[in-house]
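Student: Submitted below is the structure of interest, expressed as structure tokens.
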Amino acid sequence: MTSVLPRPVAATEPVARPRHYVMCRPEHFEVRYAINPWMRPGEPVDRERAVAQWEALRQTYVDLGHRVDLIDPVPGLPDMVYAANGATVVDGVVLCARFRHPERAPEAAAHRAFFAAAGYPVVEPRFVNEGEGDLLVVGDVVLAGYGFRTDPRAHAEVAAVFEREVVPLELVDPRYYHLDTAVAVLDDATIAWLPAAFSPAAQEELRARFPDAVVASPADAAVLGLNAVSDGRHVVLPAQATGLAAALRERGYEPVPVDLSELLKGGGGPKCCTLEVRS
Ligand code: ARG
């Protein structure tokens with residue numbers, strides 16, 4: 001009998017893990033209300049281009065070996081393309097979202113129905129949480145943003161439902177209204193982040209927990225460079241975030257640039273469009 005041993009890799013070399021994502025095609029995407037500073041309802045949006053850019057993102061994940069399931073877009077819900085906000089899934093348990101703004105509120109039910117139909121146990125929240133927009137799983141802990149969208153009272157719910165430590169982090173810059181615009185999870189122990197997006201206490205917390213974190217420049221954050229999706233090795237990020245891409249490469253990650261310029265007009269990037277299902 002022959003045994004095949006894995007090729008030895010350096011202890012520091014980042015390792016990819018196949019992922020399971022849910023995405024929502026931007027068939028009804030438009031910017032007709034403003035609930036974050038990126039959104040300018042008067043400015044034109046090219047929906048065809050948005051769909052093409054989104055398709056390229058989906059294909060990128062497939063090419064990297066990941067599974068992508070699609071949730072049906074609902075007419076009248078232009079922000080539903082930002083699927084990351086629709087729920088949080090840890091250990092096969094779905095904590096549904098509850099949106100801050102009425103414009104997005106019905107998205108929660110669409111996600112709940114999607115996961116229930118797929119056989120997942122779903123938990124209805126009491127307090128506002130905008131899914132993975134503000135709840136980022138890093139190894140065994142959940143980083144939890146608040147200040148603009150997610151109600152800090154949701155943090156105890158998250159801890160109880162997932163039986164994980166939850167780390168509250170206050171966001172202070174309206175451009176970085178969701179945690180996933182100011183922190184990118186690179187692997188189970190590493191993040192990239194923009195310190196200025198956080199309160200002094202939150203900065204201290206993140207510095208203590210992640211002394212080796214990649215610190216993003218304000219310029220890279222300002223193109224939503226931190227709204228990135230990592231499989232542990234490949235980091236899918238906005239093509240405009242060239243400085244961050246270089247910093248990641250230096251650390252052994254493989255940056256995978258994508259152009260989502262149309263979806264940036266709604267205030268979102270690759271991560272916003274990508275909900276991770278953790279079984
Ligand atoms: N227009 C959306 C909103 O303001 C964008 C959401 C972006 N999603 C994210 N995960 N940051 O709610």
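Read-outs throughout are calculated quantities, based only on the coordinates presented, and are distinct from any laboratory measurement. All values derive from a computational prediction rather than experimental measurement. Cβ coordinates were reconstructed from backbone atoms using ideal geometry, including for glycine residues, and neighbour counts include every protein chain displayed.
Student: Sorted from fewest to most neighbouring beta carbons within 10 Å, what does the list Cys273, Cys96 look like?
Tutor: Cys96, Cys273
Student: Now, a different point. Give the shape of the chain as rounded, prolate or oblate, defined through the alpha-carbon gyration tensor: a ≥ b ≥ c are the square roots of its eigenvalues, a/c under 1.5 means rounded, and otherwise the shape is prolate if a/b is larger than b/c and oblate if not.
Tutor: Rounded is the answer for the chain, as its axis ratio a/c remains below 1.5.
Student: Could you rank the peptides 202-210, 128-136, 233-241 by their average count of other C-beta atoms within 10 Å per residue, with the highest value first?
Tutor: 128-136, 233-241, 202-210
Student: Still on this structure: Dividing the Cα radius of gyration by the Kirkwood radius, what Rg/Rh value follows for segment 51-129?
Tutor: Here Rg/Rh amounts to 0.98.
Student: With Cβ to Cβ distances under 11 Å as the rule, what net charge do the other residues near Phe198 carry (K, R +1; D, E -1)?
Tutor: Local net charge: -3.
Student: Same structure, new question: If a/c stays under 1.5 just call it rounded; otherwise compare a/b with b/c (prolate if a/b is bigger, oblate if not). Do that for segment 89-158, with a ≥ b ≥ c from the square roots of the Cα gyration tensor eigenvalues.
Tutor: The shape class here is oblate.
Student: Grab the other residues whose beta carbon is less than 12 angstrom from that of Glu43, score K and R as +1, D and E as -1, and report the net.
Tutor: Counting the neighbours of Glu43, the net charge comes to 0.
Student: Rounded to a whole number of µm²/s, how large is the Stokes-Einstein D of segment 33-94 at 37 °C and 0.692 mPa s, given Rh as the Kirkwood radius over C-alpha pairs?
Tutor: 232
Student: Could you list Thr88, Thr190, Thr242 in order of exposure, starting from the residue whose Cβ has the fewest other Cβ atoms within 10 Å?
Tutor: Thr242, Thr190, Thr88
Student: Take each of the peptides 113-119, 166-172, average the number of other beta-carbon atoms within 10 Å over its residues, and list them starting from the highest.
Tutor: Highest to lowest by the protection proxy: 166-172, 113-119.
Student: Follow-up question, since we're still on this one. Give me log10 I(q)/I(0) at q = 0.20, 0.22 Å⁻¹ for segment 115-211, Debye formula, one equal scatterer per alpha-carbon, no solvent.
Tutor: Log10 I(q)/I(0), no solvent term: -0.96, -1.14.
Student: Let me ask another. Only loop residues by DSSP count here, and only those with at most 13 other Cβ atoms within 10 Å; note down the GluC sites (Glu not before Pro) in segment 50-119 that meet that.
Tutor: Here no GluC sites (Glu not before Pro) fit, given the DSSP loop and packing criteria.
Student: If you don't mind, there's one more thing I want to ask. Quick check: net charge around Glu124, other residues with Cβ under 13 Å of its Cβ, Lys/Arg +1 and Asp/Glu -1?
Tutor: +2
Student: Taking the Cα atoms of segment 141-274 alone, what are Rg (to one decimal) and Dmax (as a whole number) in Å?
Tutor: 14.1, 39
Student: Next question, about the same structure. Determine the calculated [θ] at 222 nm for the chain from helices alone, applying -39500 (n - 2.57) to every DSSP H run no shorter than 4 residues and normalising by the residue count; nearest 500 deg cm²/dmol.
Tutor: Counting only the DSSP helices, I get -6500 deg cm²/dmol.
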